[in-house]
Amino acid sequence: MPQKSRSGEKVFLISLGCAKNRVDSEHMLGLLSCSGYTIAQKLEDADLAVINTCGFIQEAVEEAIGVILEVSREKKKGSLKKLYVAGCLVQRYGYKLAGELPEVDGWLGTGEIGRIREVMEGGASSFLIGPPGFLGDHKSPRIGAAPYYSAYIKIAEGCSHHCTYCTIPKIRGVFRSRPVESILCEAEDLAGRGVVEINLVAQDTTMYGSDLGKGNRLEDLLSALLRIEEIAWIRILYSHPERISEGLLDLLEQNERICPYLDIPLQHVNPQILKGMGRVNSRETPWHLVQRIRRRDRSIALRTSLIVGFPGETDEAFQELSDFVEQAVIDHLGVFVFSPEAGTPAARLGRRIEQEVMSERRERLMEIQSRISKRKNRALIGRILPVLVEGVSEETDLLLTGRTNTMAPEVDGKVYIRKGIGTVGRISRVLIREAHVYDLVGEIV
């Protein structure tokens, strides 16, 4: 079938879900831009719309469908010509989506996003779903959706763990790493564009290189990235608790440009619950892992996520989790209620916890964490911290905002700067004057 070029038309892309999904979205924007499409900044200005979806849990599925329906209403008004949907939702639910959402003109699974132009221009089926093999590299066109000074680099794709509650291996395929040289090329290009902060992402960053052979560990990648002097901050996200090596901690301790920050989703601490989740750590308990990290001379901020209400979580098991949150004094915490996802082993388990109980447990943990966070932030009053200035506050144009090297983009708190002159995209020294539950207030010195 001959392709019908829509080159020159305006495309608006909506990216849902995690930072890893955003990288895929940026590759699609790059591919479309290279094909002559114009990237629209607002939906109302666009001829075509693309929604890159998340489908990890039911809540994300519902959000994605809600956005699809919302955008399809714009299409019915006549201002939008075509609507395309890509990503995890498509990969997970397949062809039945087409019958349920006829408003959509084309579908692409996670392995087919590199063919977005073909679908748009009629050179391929309106429904492309195959093995989830796509992994962009330094040669893949990319237009950053994040601020110019900060970027995510996807160092690997897929997952080879067997967590019983998780759909990611089916959606994203087995774990596969990018070569070090490819990541370095991308990082050098980003540095040349003014990026000063890179955030390394994968389903499990600490598994990086395990499929590439000797000399390709995460530690080797970090050592190579440190040679790019223009990159001021290197942050590691999405680490697995079983793979926090002493070599990795050595690098964090010895190199100021590697952010003193580890994102380690623990999910729970009770041995029986962890066993049911398929997340047993044969090396050490979550408590011992936290203590091993805290023994380092450099203070390393910890972010983790926990799941409450996993089948079989007794009052005693939850109390153990509550005690851990109280005693471990984690810097940043996300708490999620268990979602029984179809097709996962955990969805077939009995001893389900009522939704109301799960919600109460989540609220209790977040109450504990809010006290911890405020106490830790108060301890920073009077200290001078490096802050990456991000621009004028959305709440008031009288303040600048930024982040310390212990705050990841979008998921952690902010620093509000009430005094001093700062440059967006530059790191300034900020004296902390006030502390709130999740945010800090200071002035540039």
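Taking each residue as 0.36 nm, the span from H436 to F336 lengthens on full extension beyond its C-alpha to C-alpha distance by 33.7 nm. Simple point charges give the picture: +1 on the Cβ of Lys and Arg, -1 on the Cβ of Asp and Glu, and for the range 10-128 a dipole about the Cα centre of about 140 debye. Here the label points at V411 and C185, each 7 Å from Cα along the C-beta direction, are separated by 2.9 nm in the simple model. Only Cα pairs under 8 Å and 6+ residues apart enter the sum, and on that basis the relative contact order of the range 400-440 stands at 39 percent. Lacking any other cysteine beta-carbon closer than 4.7 Å, the following Cys residues of the chain have no compatible partner: C18, C34, C54, C88, C159, C185, C259. Among rounded, prolate and oblate, which fits the range 384-444 when a ≥ b ≥ c are the square roots of the eigenvalues of its C-alpha gyration tensor, a/c under 1.5 means rounded, and a/b larger than b/c means prolate? Since a/c stays below 1.5, the shape of the range 384-444 is classed as rounded. Treating cross-link reach as a plain straight distance, find the aspartates and glutamates whose alpha-carbon is under 16 Å from the alpha-carbon of K214, omitting any fewer than eight places away in the same chain. Candidates past the 8-residue exclusion: E181. Label-to-label distance for L212 and R283 is 1.9 nm, based on points extended 7 Å past Cα in the beta-carbon direction. The range 202-242 and the range 90-127 have Cα centres separated by 33 Å.
For the range 384-444, a crude dipole built from +1 on the beta carbon of Lys and Arg and -1 on the beta carbon of Asp and Glu, taken about the Cα centre, is about 340 debye to the nearest 20. If you stretched the chain out fully between K96 and S370, how much longer would it get, using 0.36 nm times the residue separation minus the C-alpha to C-alpha distance? Extra length available between K96 and S370 comes to 94.4 nm.
Entry note, the range 355-438: relative contact order of 37 percent, from Cα contacts under 8 Å with a spacing of 6+ residues.
Compute the convex hull volume of the Cα atoms of the range 10-128, divide it by the residue count, and report the result per residue in Å³ as a whole number. Present the calculation step by step, with values, prior to reporting the outcome.
On the way: hull volume 10.9 nm³, N = 119.
Roughly 91 Å³ of hull volume per residue.
Within the chain, the selection of entire DSSP H helices by a Cα span of 27 Å or greater along the long axis and an average Kyte-Doolittle value of at least -0.5 returns 58-77.
Given the pairs K275/K376; K139/K414; K76/K96, which span a C-alpha to C-alpha distance of over 30 angstrom in this model?
Listed pairs above 30 Å: K275/K376; K139/K414.
The chymotrypsin sites (Phe, Trp or Tyr not before Pro) of the range 129-202 that meet both conditions, a loop assignment by DSSP and at most 16 other Cβ atoms within 10 Å of the site Cβ, are Y148.
For the range 187-295, the alpha carbon convex hull comes to 109 Å³ per residue, rounded to a whole number.
Secondary-structure-derived ellipticity at 222 nm for the chain, considering helices only, amounts to -9500 deg cm²/dmol, per-run term -39500 (n - 2.57) for DSSP H runs with n ≥ 4.
Here the residues D323, D220, ranked from fewest to most Cβ neighbours within 10 Å of their Cβ, fall in the order D323, D220. Exposure proxy ranking for T314, T406, based on other Cβ atoms within 10 angstrom of each Cβ and starting from the fewest, stands as T314, T406. With R₀ fixed at 45 Å, the C-beta to C-beta distance from D45 to R378 puts the FRET efficiency at about 0.50.
Ordering S126, S282, S25 from the fewest to the most neighbouring beta carbons within 10 Å gives S282, S126, S25.
Put simply, the amide H of R257, placed in the peptide plane, has no neighbours under 5 Å, leaving out anything fewer than 5 places away on its chain. Given +1 at the Cβ of Lys and Arg, -1 at the Cβ of Asp and Glu and no other charges, the dipole of the chain around its Cα centre is 280 debye to the nearest 20.
Farthest towards the positive end of the charge dipole of the chain, among the residues L16, S177, I300, is the Cα of S177, using unit charges on the Cβ of Lys, Arg, Asp and Glu. Here the chain is described by how far its Cα atoms reach on the three principal axes: 64, 58, 48 Å, from widest to narrowest.
Here the relative contact order of the chain, from alpha carbon pairs under 8 Å that lie six or more residues apart, stands at 10 percent.
Every read-out reported here was derived from the displayed coordinates using simple, explicitly stated rules and does not represent laboratory data. A quick note: this is a predicted structure, and the numbers were derived from the prediction, not measured. Glycine gets a Cβ as well: all are built from the backbone with ideal geometry, and neighbour counts include every protein chain shown.
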